[in-house]
Amino acid sequence: MSEKVILQASELVKYYPIKTGVIRHVTGHVRAVDGVSFELHQGETLGVVGESGCGKSTLGRLLMRLEEPTSGSVMFDGTDMYDLRGSAMRKLRRDIQIVFQDPYTSLNPRMTVGDIVGEPYDIHPEVAPKGSRRKRVQELLDLVGLNPEHINRYPHQFSGGQRQRIGVARGIALNPKVLICDEPVSALDVSVQAQVVNLLEKLQDELGLAYIFIAHDLAVVRHISDRVAVMYLGKIVEIGNEEEIYERPTHPYTQALLSAVPVPDPELKDSREQIFLAGDVPSPANPPSGCRFHTRCWRERTDDQKTECKTVIPELYEHADGSGTHLSACHFAKVRYNLV
Amino acid sequence: MKKNSNGTVPIIVDNNRWVATDGRLLEVEDLEVEFRTREGIARAINGVSFYLDQKETLAILGESGSGKSVTAQAIMGILDTPPGYVTGGSVKYCGVDLLTLPDKERQTVRGAQISMIFQDALSALNPVFPVGWQIAEMFRIHRGMNKVDALERTVSLMERVRIPAARERVDSYPHQFSGGMRQRIMIAMAIALVPAILIAVEPTTALDVTVQAQIMDLLKQLQEESGMGLILITHDLGVVATVADRIAVMYAGRLVELADVIELYSDPRHPYTMGLLESVPRLDTRRGETLPSIKGLPPNLLAMPAGCPFHPRCRFAIDQCATGSPPPLESLEGYKPERFAACWRVGDSELAHSGHPQSGEVN
């Protein structure tokens, strides 16, 4: 990991229109991502966690430019990627690649493994000249721990974990600088999940990749991430390094989330204090005013404080966490230990 | 008192419910299930035995293809036949073998006394009927209630599982509910007739952690109130650790280990259980080096290896493991309640106590 910032997102916003009636009249917006800023350093892993509907996958799609943002910018190596057009954009796409969640639907069943992993070279022929492609694909298969001889097989001949390796091989085919992993292990069995996590870590060491690791499994994220961003209803509520988020969280949502994760140790079940959150995540089409978490917040506050939560949107500020400070978006941020 | 159709064991019936005189609700013995497919016969379950007592939570833990869901289907009697066939063993509920009961009698048990929560609530609910109608169906069919009474019971049941504004939402359709709420509706249906046994297949896998905690808490409360036995079928080692009393670990259609929850986590005795516990990333371990993983893949049920099905992936395997019949599930000495493991080397000093749960390591 180096100090060089490779990707910088500022105030990213993505609204999806809600259309109703015969004339498809726009009646509102789903605020999937609503003002997200962060930096990603070279060779670093940034974990993004949150519950379903918090906008973490939309964020991944925005960073891939599979979606155009409603506003905001992403600087990649010093240029705003949303300003690029034509061949400049095409060139940049080599540097940011993605691995999808479901290894069963993200690979074309009618293509051989060689065609799937080699397809990026059809689109970016300058990376590998035609004659060398087969060899290059075999090298990639070997790198991700698959048998290079299996280049002519079809996806259905592989298990879930092996398919995810194919997806990873395709993701790194163009030597990207950033790999976006959208729930890459959540569809896999535990014993196989560890194999894929280890593969991702090995590739990062060997190739110097930076990862955006999007997942809902907080334990996997802790294992792989240098820094972690916690999202709630389209906003980052807390961001810091792995230790700050897991050992010294200051935002009540992060604290509730951590306390809710079951730990695979029956002897700890009575000693862990669990914070129960009432209800479900509100709809992103109509997020609560002020702090978006105020409808489910468990922290005791005075009436004046509650009014502030309801009316004033908290920004990400450095808050003391007992041993230093890290960014948290709560008016009354307060550190809590021993949640994990 | 009534005699069952086998004519042997008398069943005590209390309020439409069979009573387990010795507290033992369910006893599964040597259950065998096979799937007859065009590619060959897949033996999905090979001689699985376990029991469930009142108020107890038994977790069946296994990865995809281990046979845990098929076990549940065989107990419920909802196996798709063909291709699935129960080819041996018995499933005794209150001492009566359900597998030999005529369909009609079995119907009175299914849903009313043994009920099930399915994994995917959206596909398990019928999208074209209001949820209230679907829950009320339990009362109409099994209890013969009229529509008005059944609906009244439904509303109070929806309140029980804490669905807000139950009376207004009773006429809503499944797609109008969130994932957590749909799961609650499934639970409401499953507990409608106060079953003696609830089988929950991956009840929280599709849910977010904060909602997961709410659902598991709800199940626990219901269990305490009615003395219901719970069979939790899952692959989530975290959920199991927090709610189970005993754990049965399945691999390739066999039970490989069965033990009390604390003993299983602190001192796993089967190499597969050891590998499984080591390979789970934990919230309380730091960003580490390599995560221990089990090499290789689960076997194909159509082409099972000879000997112990786990031996190609096992780091302790010896020659004996690769030939002959698989090791039987044997009782280990000196444990109360009894614990079992199916491994030739279970008494071996190299293997005994070599499973180090990650909590012991410092990263």
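Numbers for the structure displayed
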quantity	calculated
Cβ neighbours within 10 Å from other chains - mean over A:183-192	5
Rounded to 10°, Cα long-axis angle of helix B:179-191 versus longest principal axis of chain B	80 degrees
18 Å Cα-Cα reach of A:K202 towards lysines, excluding residues that sit fewer than 8 places from it in its own chain	A:K177, B:K295
Karplus 3J(HN,Hα) series, Hz, for the stretch A:172-183 with 6.51 cos²θ - 1.76 cosθ + 1.60 (x for Gly, Pro)	9, 4, 9, 6, x, 9, 10, 10, 9, 10, 9, 6
Efficiency of FRET between A:S283 and A:Y317 - r from beta-carbon atoms, R0 30 angstrom, step 0.05	0.65
Partners for B:K147 among aspartates and glutamates (Cα-Cα distance below 15 Å; same-chain residues under 8 apart left out)	B:E137, B:D171
Cβ-based net charge around B:P299, under 12 Å, with every Lys or Arg adding one and every Asp or Glu removing one	+2
DSSP beta bridge pairing in chain A, given as percent antiparallel to the nearest 5	65 percent
Rough spin-label spacing in nm, given labels placed 7 Å along Cα→Cβ, for A:E3 and B:F129	6.7 nm
Ordering of B:60-70, A:106-116 by packing [mean C-beta count within 10 Å, highest first]	B:60-70, A:106-116
Long-range tail of P(r) for the stretch B:120-192 (Cα pairs > 15 Å, %)	44 percent
Contact order normalised by residue count of the stretch B:120-192, Cα under 8 Å, 6+ apart, percent	45 percent
Charge dipole (the protein assembly as shown, unit charges on Cβ, about Cα centre) - positive-most of A:P69, A:L339, B:Q223	A:P69
Carbon plus sulfur fraction of accessible area for the stretch B:120-192, probe 1.4 Å, in percent	54 percent
For the stretch B:101-115 versus the stretch A:110-186, the gap between their alpha-carbon centres in whole angstrom	51 Å
Calculated FRET value between B:D80 and B:L122, using beta carbons and R₀ = 22 Å, to 0.05	0.65
Using a Förster distance of 41 Å, the FRET efficiency for A:T20-A:L207 (Cβ separation, nearest 0.05)	0.30
Over chain B: helical MRE at 222 nm, DSSP H runs n ≥ 4 each giving -39500 (n - 2.57), nearest 500	-8000 deg cm²/dmol
The stretch B:118-163 versus the stretch A:22-46: alpha-carbon centroid distance in Å	38 Å
Isotropically averaged projected area of the protein assembly as shown, using the convex hull of Cα atoms (one quarter of hull area), nm²	34.7 nm²
Helix-only CD estimate at 222 nm, as mean residue ellipticity for chain A, using -39500 (n - 2.57) per DSSP H run (n ≥ 4)	-8500 deg cm²/dmol
Net charge dipole size for the protein assembly as shown [Lys, Arg +1 and Asp, Glu -1 on Cβ; Debye, nearest 20]	2060 debye
Compactness index (Cα Rg / 2.2 N^0.38 Å), the stretch A:229-340	1.07
Sequence-distant lysines (8 or more away, or on other chains) whose Cα lies within less than 20 Å of B:K220	A:K269, B:K55
Most mobile of B:A188, B:A252, B:A42 in a GNM of chain B (Cα contacts under 10 Å)	B:A42
On Cα atoms only, tilt of B:147-160 relative to the major axis of chain B in degrees	40 degrees
Between the stretch B:257-330 and the stretch A:233-273, the Cα center-to-center distance that results, in Å	30 Å
Dipole of chain B [Lys/Arg +1, Asp/Glu -1 at C-beta], most positive-end residue of B:P271, B:T37, B:A190	B:A190
For B:267-280, mean number of other protein chain Cβ atoms within 10 Å	2
Local electrostatic count at A:P249 - Lys and Arg +1, Asp and Glu -1, tallied over other residues with Cβ under 11 Å	-2
Relative contact order (percent, whole number), chain A, Cα cutoff 8 Å, 6+ residue spacing	19 percent
Average Cα contact separation per residue, chain B, under 8 Å, 6 or more apart, as relative contact order %	18 percent
Accessible-area value, B:D245, 1.4 Å probe, nucleic acids and ligands omitted, Å²	60 Å²
Nitroxide proxy distance, nm - points 7 Å out along Cα→Cβ at A:E126 and A:D142	2.8 nm
Neighbourhood net charge (15 Å Cβ-Cβ; Lys/Arg +1, Asp/Glu -1) for B:P328	-2
Dipole magnitude of chain B about its Cα centre (Cβ charges: Lys, Arg +1; Asp, Glu -1), debye to nearest 20	900 debye
Highest average packing first - A:173-184, A:243-254, A:292-303, Cβ atoms within 10 Å	A:243-254, A:173-184, A:292-303
Label-point separation, B:T87 to B:E39 (7 Å along Cα→Cβ), nm	1.7 nm
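The values are calculated or read from the model by the stated rules, or taken from the named source; none is laboratory data. These numbers come from a predicted model, not from an experiment. We place every Cβ from the backbone using ideal geometry, glycine too, and count neighbours over all the protein chains shown. Please note that ligands, DNA and RNA were not included when accessible areas were found on the heavy atoms of the full protein model with its side chains. Shrake-Rupley method; radii C 1.70, N 1.55, O 1.52, S 1.80 Å.
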